[in-house]
Amino acid sequence: MSKKLEDFMKENKEEFDDLVPSADLWSRIEKHLPAEGTAQKREAKMFSLNFVLRVAASVIIVMGIGFGIYLHNEKKAGIDFAAINPAYAKQRMQYASLVQTKRNEIKAIAQTNPELYHEFSTEIAKMDSLYKKLNNDLATSPNQELVLRAMIRNLQVQTEVLNQQLNVIEQFDQMKKEEKNETKDI
């Protein structure tokens, strides 16, 4: 349909060009336009609405940032383990310290035995992810003492595994030394 209209306009172009607007057309249009004072009032209203929207957006952004900081601080503060059970809190701290010490020992060996370190670190990472899940569940658990005991048990198992890993590394190093001695003797 638009193609037909275009064709019609091309064929009858001269008939459209003969019309010229009258000289008083603009003055008649100006009569229907609002006065200048009304336009300024309308602009002032739009400015105030624009200003209000900007202020509202700023307030929402500031509140969102504040809420994010609040949540971050809440998460960072964590849970007071001593408030749940002081004896368990002390055990958790001891085992966590022991696990960290053993991990540092294994990291020191990583340069000499990277294959073993990689294998061992994946096992510990699995247990550590379970520990972190328990730690996250602790805040919402109705029986926090039970979850804290599970966390301590996890740390005990991590300690046992790390001790076994250190024993394997020592045995591996001992085997290497014996092989070196045998090759020197030959």
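The values are calculated or read from the model by the stated rules, or taken from the named source; none is laboratory data. All figures in this text were calculated on a predicted structure; none of them were measured in a lab. Please note: Cβ atoms are built from the backbone with ideal geometry, for glycine as well, and neighbour counts cover all protein chains shown.
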Taking segment 97-120 and keeping residues surrounded by 16 or more Cβ atoms within 10 Å (Cβ to Cβ) and either under 28 Å from residue 149 (Cα atoms) or under 28 Å from the mean Cα position of the chain (by Cα) (or both) leaves 98, 99, 102, 103, 106, 120
For helices (runs of 4 or more DSSP H) lying entirely in segment 62-173, having 2 or more residues that are acidic (Asp, Glu) and touching a residue at least 12 places away in the same chain (Cβ under 8 Å) picks out 114-138
Within segment 93-121, the residues that are modelled with pLDDT of 85 or more and β-branched (Val, Ile, Thr) are 99, 101
Taking segment 34-56 and keeping residues of a type in the set (A, V, I, L, M) and modelled with pLDDT of 80 or more leaves 52, 53, 55, 56
Residue 147 meets each of (1) modelled with pLDDT under 85; (2) in contact with a Ser or Thr (Cβ under 9 Å, 6 or more places away or on another chain) with one exception, condition (1)
